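The values are calculated or read from the model by the stated rules, or taken from the named source; none is laboratory data. Please read these numbers as outputs of a predicted model, since none were measured by experiment. Here the Cβ positions follow ideal geometry from the backbone for every residue, glycine too, while neighbour counts run over all protein chains shown.
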Amino acid sequence: MMRSIELVVFDMAGTTVQDQHEVEICFLQAAQQTGLAVTPERVLALQGYAKRYVFDLLWHEQLGETADVQAKVDKSYQTFCHILENHYRQNPVLPTEGCLEIFAFLREQNIKIALTTGFYRKVADIILGKLGWLQTLNEQYVGDGTGIIDASITPDVVPQGRPEPYMIQYAMQLFGIDDAQRVINVGDTPADLISGLRAGVKYSLGVTNGTHTENQLNLYQNDGLIPNIAALKNYI
């Protein structure tokens with residue numbers, strides 16, 4: 001009998017990397033500093049999306065299609081990048097509860113591990129570097145099979161980030177997997193769940209110890225909600 005699962009795609013912040021709402025805090029600071037009016041609830045709802053897309057969306061909501069809207073998007077995004085990079089450089093970066101346990105389990109089962117994110121490459125590299133997950137990845141951010149993870153994927157290598165399915169599909173291409181039913185997607189935001197469903201994976205699962213609660217994630221279609229990613233074992 002053939003093994004059913006060949007690849008698990010995980011989100012980073014809030015799913016595999018501890019997130020005490022730092023990304024939202026950095027985003028709100030950048031918004032405040034650049035004149036963008038937005039509530040914490042609105043920012044939370046847009047977690048998981050590529051951050052530049054979020055600034056573009058919010059500035060268009062505030063101003064409409066005005067002549068200077070792109071300049072404002074650029075300014076807010078650049079400010080956010082500066083705040084976020086400094087945060088991750090200056091603060092500890094830790095894996096979430098159950099993360100290393102499930103990675104070791106998947107490695108034993110010869111199941112590939114890919115990380116996707118709404119972050120741009122520079123921030124992803126700061127985080128991966130601090131965790132020690134970067135050194136076995138090549139220039140294309142694909143591993144040699146000896147490290148903690150097998151691939152790191154950021155929105156810049158695909159047409160669009162989440163909630164579109166392209167990062168998951170990119171991970172499948174890296175490992176020569178053409179059947180999405182051999183893939184599980186795991187994340188802690190609505191955008192993660194939606195991207196998994198759009199990719200047609202076997203399970204698009206939500207973890208409830210990240211940025212969103214069980215009640216918040218249950219508003220969205222999903223194939224299961226788990227207390228932490230170690231509970232993924234039940235789906236393999």
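Criterion first (at pLDDT 95 or above and in a helix (DSSP H, G or I)) does Phe10 satisfy it? No, not satisfied. Please go through (1) modelled with pLDDT of 95 or more; (2) in contact with a Phe, Trp or Tyr (Cβ under 7 Å, 6 or more places away or on another chain); (3) closer than 24 Å to Leu193 by Cβ for Ile126 and return the number of the only condition it doesn't satisfy. The one condition Ile126 does not meet is (3). Exactly one residue among Leu134, Leu106 is part of a helix (DSSP H, G or I) and either in contact with a Gly (Cβ under 8 Å, 6 or more places away or on another chain) or buried (at least 17 other Cβ atoms within 10 Å of the Cβ) (or both), and that residue is Leu106. For Glu61, the stated conditions hold: it is charged (D, E, K, R), exposed (fewer than 15 other Cβ atoms within 10 Å of the Cβ) and in a helix (DSSP H, G or I). Residues that are outside the structural domain of Lys122 (by TED's automatic domain parsing), over 15 Å from His212 (Cα atoms) and at pLDDT below 90 do not occur anywhere in the stretch 17-28.
Looking only at residues in the stretch 188-219 that are polar (S, T, N, Q) and in contact with a helix residue (DSSP H, G or I) (Cβ under 7 Å, 6 or more places away or on another chain), the one that is nearest to Arg42 (Cα to Cα) is Thr211. Looking only at residues of the stretch 29-58 that are aliphatic (A, V, I, L, M) and part of a helix (DSSP H, G or I), we find that the one that is surrounded by the fewest Cβ atoms within 10 Å (Cβ to Cβ) is Leu57. Please work out which one of (1) over 21 Å from the mean Cα position of the chain (by Cα); (2) assigned to a strand (DSSP E or B) is the condition Ala71 fails and give its number. Here Ala71 meets the rest and fails (2). Please determine whether any residue of the stretch 212-234 is among the charged types (D, E, K, R), buried (at least 18 other Cβ atoms within 10 Å of the Cβ) and either within 12 Å of Val9 (Cα to Cα) or touching a residue at least 60 places away in the same chain (Cβ under 8 Å) (or both). Checked against the condition, which is being among the charged types (D, E, K, R), buried (at least 18 other Cβ atoms within 10 Å of the Cβ) and either within 12 Å of Val9 (Cα to Cα) or touching a residue at least 60 places away in the same chain (Cβ under 8 Å) (or both), the stretch 212-234 yields no hits at all.
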